[in-house]
């Protein structure tokens, strides 16, 4: 077959397949053009998920008739004034968006500059460009895209439902709103809840307020501020506490030089930074801005401009991981505020009213609860799954406390009330410590909290002079699967540096001679089995840094030296645990990312009982 030059309109339609694969991509390109035009307010309207109509109105600089005629030509742009592809300071620069959209839809543009007496308009339909004509228009630009992909019907078959496409548009606008908090964004249309993000001042407080509007009001109370500069690269923004997380990474937002991106390198750095404090199937909520020399980042590696390539990716990843870890350590004592909210919701009684009954048919009365005489729970209560609010039915069983709640009050306790975690007042079910603070109460999971404390102690010892070891009076033999045993013995030297001294004792058997002092008295067989599991999960060597692999092993080991659930603790032991938590970084969450305590304010408790 002979080689021939493709028809220009067909070329534009091929380019459109790369740049505009769905309506949300067209919205992204057009809104970025509005941002580059200096707009302070951008209105977005979509119908049928953007397939029938996309309308973008901005109050930017606008275009002259000459610029408008060139703007719909391929590879025509005003965003590379000196032709230097390595110094891009704008969001869109490829010069393909408008002609690509015009090749697969009807594109109508109306625009006017501030000093022009009249505006200008042009229409491009299925790749055919019309003439520029005068038009009445305010300052700025209005773009309408109708019948998207009408010129390429096959593309319509790959679109999802109108609702799904509208949700994709919403997500794009959210990311652009985060990247440009000083601009007003208004979004409306079918299958969309109309939303307006008002402009915020160019400050840290303004950025956090924009994030609270986009990511939810709860983010404000659970955010860690980050602002670090190293070797000309600045990282700023907010990241969530480790105990405030989501099930997907869709709430992770990065902005590189004003451009919202979804970059694998950056996402991997986030996972690495939170690996020590969050479960592997959970993701933080964050919005971080990376300001870097344009010559150190290539933004022209993806047609849709959603990915970037850094000149020194190792430095950027290490810088990001270090900044996030420093913030997590600095704020690690705090636990997410949503824990107290969930606790209150579980405690709040159901709205169904109590019904009066005759005294003769009354259920057995509670001890010291004569005020409940003549009342019992609604008839349908037994059909519901019992929750904390229904536990009143079992109150007779609580006549004998399940834990020692006789923590004596001393002068020292009143001083401890001023501490962040207060003074211990009781231990419930051998698992939870209840402490009184100045303005509420704190409930601590003793096992989760002590597990984090032991883990941090082991890490400190490893970094300092090595983990202290204790010789077993009688070495213990542990039987494992032969494959696991071989894997453990292959790392015997590493495990010895972590305080666990092992020897081979035949096929599938190991002899444990020494254990870390912090884990003395623990279940040795379970300890060795967990170490084997950690080595299997993280591999021997592999792509993970050595420190991360060692921390993974220590995390598994620390569980076996922790105060077990069910153990009764004396008041002085409980208070010592609270004080150590206050002095230990990252004590707000256990090794698996769960909160170690929840806090209830006195005002919340008063509302619970109708006092407010």
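The values are calculated or read from the model by the stated rules, or taken from the named source; none is laboratory data. From a predicted model like this one, the values you see are computed outputs, not experimental measurements. Neighbour counts run over all protein chains shown; Cβ positions are idealised from the backbone, glycine included.
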**Request:** Check whether at least one residue in the range 560-567 is in the same structural domain as residue 454 (by TED's automatic domain parsing), in a helix (DSSP H, G or I) and modelled with pLDDT of 75 or more, and report yes or no.
**Result:** no
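Quickly run through the range 102-113 and pick out the residues that are crowded, with 21+ Cβ neighbours inside 10 Å and modelled with pLDDT under 95. Give the steps one after another, and end with the answer.
Step one: filter the range 102-113 for residues crowded, with 21+ Cβ neighbours inside 10 Å, giving 102-105, 107, 109-112.
Scanning the range 102-113 gives 102, 103, 104, 105, 107.
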**Prompt:** In the range 586-612, which residues are in a strand (DSSP E or B) and buried (at least 23 other Cβ atoms within 10 Å of the Cβ)?
**Reply:** 589, 595, 597, 599
**Asked** Of all residues in the range 201-225, which are surrounded by fewer than 21 Cβ atoms within 10 Å (Cβ to Cβ) and assigned to a loop (DSSP other than H, G, I, E, B)?
**Response** 201, 202, 203, 216, 217
**Message:** It is to be established whether one or more residues within the range 260-275 are in a strand (DSSP E or B), under 24 Å from residue 216 (Cα atoms), outside the structural domain of residue 551 (by TED's automatic domain parsing) and modelled with pLDDT of 85 or more.
**Reply:** yes
**Asked** Which of the residues that make up the range 48-70 are closer than 16 Å to residue 105 by Cα and modelled with pLDDT under 95?
**Response** 48, 49, 50, 51, 52
**Prompt:** Residue check: is residue 92 part of a loop (DSSP other than H, G, I, E, B), modelled with pLDDT of 90 or more, buried (at least 16 other Cβ atoms within 10 Å of the Cβ) and in contact with a helix residue (DSSP H, G or I) (Cβ under 6 Å, 6 or more places away or on another chain)?
**Reply:** no
**Complete:** When the range 490-504 is checked residue by residue, the ones that are surrounded by fewer than 16 Cβ atoms within 10 Å (Cβ to Cβ) and either touching a strand residue (DSSP E or B) at 6+ places or on another chain (Cβ under 6 Å) or not assigned by TED's automatic domain parsing to the domain that holds residue 454 (or both) are 492, 503
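What number of residues within the range 34-46 satisfy the criterion of being within 18 Å of residue 146 (Cα to Cα) and out of contact with any helix residue (DSSP H, G or I) (no Cβ under 7 Å at 6 or more places or on another chain)?
Counting residues in the range 34-46 that are within 18 Å of residue 146 (Cα to Cα) and out of contact with any helix residue (DSSP H, G or I) (no Cβ under 7 Å at 6 or more places or on another chain) gives 2.
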**Fill in**
Counting only strands (runs of 3 or more DSSP E) entirely within the range 407-526, those with at least 2 residues that are within 18 Å of residue 577 (Cβ to Cβ) and either over 30 Å from the mean Cα position of the chain (by Cα) or touching a residue at least 60 places away in the same chain (Cβ under 8 Å) (or both) are 423-428, 432-437, 440-445
